[in-house]
Amino acid sequence: MTELRVGLGVDAHAFVEGVALVLGGVRFEHPRGLAGHSDGDVITHALIDALLGAAGIGDIGTLFPSDESTPAGIDSLDLLRDAVTRVREAGYELVNADCVLIGEQPHISGRRAEMESQLSEIAGGPVSVRATTTDELGFTGRNEGLAAQAVALLSR
């Protein structure tokens, strides 16, 4: 009998000047990027937490802390590769994952396929990426930052 496990990941970062905006491993032309020890990629971070949570092997902050043990500015796709290796070593494979970007901008529809392809290839299964706004409510609605949620289904 196949064992199925579900994990949920959530991440949020504030916008800052002087850094590139990276979402789902893709660079966007935008006047501000996201603050963070890594590249601040909220979509990839939420996906990592969903995968790790489903496998029951910790979370992004525990495995990749914001200190000298994790290189500053690291590409979040490198963190995803590491997390996927750990998930596989725990005996799990991705069935599918779904990621939702929460914010007023940027609009991702023109780059969605690129993000999905890149994340799916690394994660080893289908990853969908969507977006929604909060109708100008909260920090994402005031364009102070972005948030993301992801859910992942794993099988053993």
### Query
When you go through R81, R111 one by one, which is the residue that is within 12 Å of L47 (Cα to Cα), open to solvent by 60 Å² or more (accessible area, probe 1.4 Å) and in contact (Cβ under 8 Å) with a residue 40 or more places away in the chain?
R81
### Task
Collect the residues in region 49-75 that are open to solvent by 30 Å² or more (accessible area, probe 1.4 Å), within 22 Å of L23 (Cβ to Cβ) and assigned to a loop (DSSP other than H, G, I, E, B), keeping them in residue-number order.
D59, S66, P71, A72, G73, I74, D75
### Query
Is there any pair with a first residue in region 132-155 that is closer than 11 Å to V100 by Cβ and in contact (Cβ under 8 Å) with a residue 12 or more places away in the chain and a second that is open to solvent by 50 Å² or more (accessible area, probe 1.4 Å) and not in a loop (DSSP other than H, G, I, E, B) whose Cβ atoms are under 6 Å apart and which are 6 or more apart or on different chains, and what are they?
A147/A12; Q149/V10; V151/L8
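Any idea which of L146, L94 is surrounded by 17 or more Cβ atoms within 10 Å (Cβ to Cβ) and closer than 21 Å to L34 by Cα?
Details: L94 fails: closer than 21 Å to L34 by Cα.
None of the others qualify; the one that does is L146.
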### Task
Within region 60-108, count every residue that is farther than 16 Å from L8 by Cα, touching a strand residue (DSSP E or B) at 6+ places or on another chain (Cβ under 8 Å) and among the hydroxyl-bearing types (S, T, Y).
1
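Looking at region 76-156, what helices (runs of 4 or more DSSP H) fall wholly within it and have at least 3 residues that are of a type in the set (D, E, K, R) and modelled with pLDDT of 95 or more?
In region 76-156, the matching helices (runs of 4 or more DSSP H) lie at 76-89, 112-123.
Could you please let me know if A35 is within 22 Å of R111 (Cβ to Cβ) and touching a His at 6+ places or on another chain (Cβ under 8 Å)? Don't jump to the end; show me each part of the working.
Values: within 22 Å of R111 (Cβ to Cβ): yes; touching a His at 6+ places or on another chain (Cβ under 8 Å): yes.
The answer is yes for A35.
The values are calculated or read from the model by the stated rules, or taken from the named source; none is laboratory data. Keep in mind the model is a prediction, meaning the values are calculated, not measured. Because the Cβ atoms are built from the backbone with ideal geometry, glycine has one as well, and the counts that use them run over all protein chains shown. These accessible areas exclude ligands, DNA and RNA; they are computed on the full protein's heavy atoms, side chains included. Shrake-Rupley method; radii C 1.70, N 1.55, O 1.52, S 1.80 Å.
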